[in-house]
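J.: The following block contains the structure, expressed as structure tokens.
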Amino acid sequence: MSLIYDNNTLEFVKVALEFCTSMERIHEHDMFSFVNNTTKILPLLYVKATLLPEVDAPDDAETRHFITEDTYEALRSRIAGLLGEHDSYLETFAPDMQYSDTPVAAFVSENIADIYQDLGDFIALFRQGYEETMLIALSQCVESFRLYWGQSLLNALKALHSIRYNEDICPGKEK
């Protein structure tokens, strides 16, 4: 059986699609519903990504990108608008932090848009249904998770958790 039809791969595809769909419907959210939904899907996405199989794809394989800079920026801007002053947080894993006394600011909106960009491209490639393209997309997604968006996801989740459970930010909201 091909790795693209592995149960863990198919479950990841389902959760990645749910995440992308949620981001594409960002205009339907207020701050609390965005934070509430996103703090639920990000941990699931992380777990499913850690269960993906090892995939060997050609190193020189190139794939088409579907998420444009305009799409990225529109999502980032909408999330930044929803979160307002709560969009920024102190980055503790920046390589420069170990040698600096100056805090490094990061943004939930950028983290989420980065994740969306990788997963949106992955889903678009996977939907094409060509096994070779699907394997390349899976390989690139696993590599990108390890190097980039896995840490972005965890950073965003930490900041979103702080917002969700802060009574001063979301008073009286059902958690």
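The values are calculated or read from the model by the stated rules, or taken from the named source; none is laboratory data. Please read all numbers here as calculations on a predicted model, not as lab measurements. Neighbour counts are summed over all protein chains in view; Cβ atoms, including those assigned to glycine, are modelled from backbone coordinates with ideal geometry. When the accessible area is computed, the model is the full protein with side chains, heavy atoms only, and any ligands, DNA or RNA have been set aside. Shrake-Rupley method; radii C 1.70, N 1.55, O 1.52, S 1.80 Å.
J.: Could you please tell me which pairs satisfy a Cβ distance under 8 Å, a separation of 6+ or placement on different chains, a first residue in region 7-18 that is assigned to a helix (DSSP H, G or I), and a second residue that is among the small types (Gly, Ala, Ser)?
T.: Within 8 Å, the pairs are PHE12/ALA49.
J.: Contact list please: Cβ distance under 8 Å, first residue in region 36-55 and open to solvent by 70 Å² or more (accessible area, probe 1.4 Å), second residue of a type in the set (S, T, N, Q), pairs at least six apart or on different chains.
T.: If the second residue must be of a type in the set (S, T, N, Q), the pairs left are LEU51/ASN8.
J.: Let me ask something else about it. Would you be able to tell me the number of residues in region 63-77 that are touching a Phe, Trp or Tyr at 6+ places or on another chain (Cβ under 9 Å), of a type outside the set (Phe, Trp, Tyr) and in a helix (DSSP H, G or I)?
T.: Count: 3.
J.: Now for a separate question. Among residues belonging to region 71-113 that are among the acidic types (Asp, Glu) and farther than 19 Å from MET31 by Cα, point out the one that is modelled with the highest pLDDT.
T.: Ranking the qualifying residues of region 71-113, first place goes to GLU91.
J.: Okay, next question. With LEU138, LEU153, LEU125, LEU160 as the choices, which residue is over 15 Å from TYR46 (Cβ atoms), crowded, with 20+ Cβ neighbours inside 10 Å and touching a Leu at 6+ places or on another chain (Cβ under 8 Å)?
T.: Being over 15 Å from TYR46 (Cβ atoms), crowded, with 20+ Cβ neighbours inside 10 Å and touching a Leu at 6+ places or on another chain (Cβ under 8 Å) holds for just one of LEU138, LEU153, LEU125, LEU160, which is LEU138.
J.: Quick one: in region 28-54, of everything that is touching an Asp or Glu at 6+ places or on another chain (Cβ under 9 Å) and over 22 Å from LYS158 (Cβ atoms), which residue is modelled with the lowest pLDDT?
T.: Across region 28-54, the extreme among qualifying residues is PRO53.
J.: Let me ask another. I need a count of the residues in region 56-67 that are open to solvent by less than 80 Å² (accessible area, probe 1.4 Å) and closer than 22 Å to GLN151 by Cα.
T.: So the count comes out to 1.
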